[in-house]
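The structure appears right after this line, and notes come after that.
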Amino acid sequence: MVSSFAGRAAPGRRPAGLYWGDWTGTLATRFSLVNLLQKFSASSCPFCNRLTNASTRPRTLRQAAPVTIPDHDAALGLVRDHTILSVVTGSRAYGLATDASDVDRRGVYAAPAPLFWRFTKPPTHLDGPLPEQFSWELERFCKLALGANPTVLECLWSPIVEKVTPIGEELLAVRTAFLSRHAHRTFLRYAEAQFRKLEADLRNGRPPRWKQVMHMLRLLVTGTHLVRHGDLRVDVGDLRDRLLAVRRGEVPWDEIETWRTSLTVDLAGALDHSPLPPPLYTSP
């Protein structure tokens, strides 16, 4: 089920937020979350059964409703049984992998519709079951993607797809509908947050975390290309040697600061003539 993500407004006023009408005007003309979730309404998912079985037991008016708190292993059944898209992200997708690089997996699972009919909703995200694996529930994933979350958007453009179902294919087919000029803000904000942490390390006499420095620059490169060309380029292998030199700590800090400043200026300038549309939904 898809919620409105918006509260009540005064008569005659439209509150800020994401509206179902906004979805039907653009994204939902080709991709309906309701239809996707309904395809999972009949399920043998043990997690789903655990939540729904309690509602069939007779109760008196004075009997308190039982509280069901699913354990993590049961919840992971959603990832095992209902994943519609699983990709590899991180250094292996960026073209920056080394022999020591982990395999970072990100995925999307579509929880069966009955799980949304109770007060206790299915988890919006889950860790595991594999190491370095993280998954989002479909509705949560779409909300984050509409808000131009860089980590989520990268999943839709990862060059390494490990699993995709027909529903996942539908999601990938409309991935450009999630792109907007709001990406300028989110990519820049993520990079600036990393830079502030790096500056704090330097002020406190700690050596820079060079891996974070590399990914800060990569974010700016990716964000600039997205805003300028309207396409998300995950693989930055053409800059592999330069970025890995940063990761190894071989590039002077002054040179890194000059590169960061140049990329920030390029990202700001790309917004003026960006082919991306204005955002439907702005994340808080």
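The values are calculated or read from the model by the stated rules, or taken from the named source; none is laboratory data. Please read all numbers here as calculations on a predicted model, not as lab measurements. In this analysis, Cβ positions are derived from the backbone assuming ideal geometry, glycine residues included, and neighbour counts consider all displayed protein chains.
Let me spell it out: the conditions are (1) within 19 Å of the chain's Cα centre (by Cα); (2) more than 25 Å from residue 202 (Cβ to Cβ), and residue 273 meets all of them except one. Which number is the exception?
Failing condition for residue 273: (1).
Would you say residue 79 is of a type in the set (A, V, I, L, M, F, W, C) and either modelled with pLDDT of 85 or more or under 30 Å from residue 240 (Cα atoms) (or both)?
On the way: of a type in the set (A, V, I, L, M, F, W, C): yes; either modelled with pLDDT of 85 or more or under 30 Å from residue 240 (Cα atoms) (or both): yes.
Yes: the conditions hold for residue 79.
Here are some conditions: (1) out of contact with any Leu (no Cβ under 8 Å at 6 or more places or on another chain); (2) not in a loop (DSSP other than H, G, I, E, B). Residue 274 meets all but one. Which one does it not meet?
Only one criterion is unmet by residue 274, namely (2).
Return only the number of the condition from (1) touching a residue at least 60 places away in the same chain (Cβ under 8 Å); (2) on the phi > 0 side of the Ramachandran plot that residue 128 does not satisfy.
(1)
Residue-by-condition table, conditions (1) part of a helix (DSSP H, G or I); (2) surrounded by 14 or more Cβ atoms within 10 Å (Cβ to Cβ):
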| residue | (1), (2) |
| --- | --- |
| 199 | yes, no |
| 217 | yes, yes |
| 231 | no, no |
| 246 | yes, yes |
| 254 | yes, no |
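What pairs come out if I take residues in segment 78-99 that are over 26 Å from residue 166 (Cβ atoms) and pair them with residues that are in a helix (DSSP H, G or I) whose C-beta lies under 7 Å away, six or more apart or interchain?
Correct list of pairs: 94/218; 95/237; 95/240; 96/240; 96/243; 96/244; 97/91.
To keep it simple, each residue is scored yes or no on (1) surrounded by 21 or more Cβ atoms within 10 Å (Cβ to Cβ); (2) more than 19 Å from the chain's Cα centre (by Cα); (3) in contact (Cβ under 8 Å) with a residue 60 or more places away in the chain; (4) part of a helix (DSSP H, G or I).
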site	(1), (2), (3), (4)
143	yes, no, yes, yes
161	no, no, yes, no
186	yes, no, yes, yes
193	no, no, no, yes
205	no, yes, no, no
223	yes, no, yes, yes
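On the basis of being at pLDDT 95 or above, farther than 14 Å from residue 103 by Cα and either out of contact with any Phe, Trp or Tyr (no Cβ under 7 Å at 6 or more places or on another chain) or outside the structural domain of residue 87 (by TED's automatic domain parsing) (or both), does residue 141 make the cut? Don't jump to the end; show me each part of the working.
Numbers: at pLDDT 95 or above: yes; farther than 14 Å from residue 103 by Cα: yes; either out of contact with any Phe, Trp or Tyr (no Cβ under 7 Å at 6 or more places or on another chain) or outside the structural domain of residue 87 (by TED's automatic domain parsing) (or both): yes.
So residue 141 fits the description; yes.
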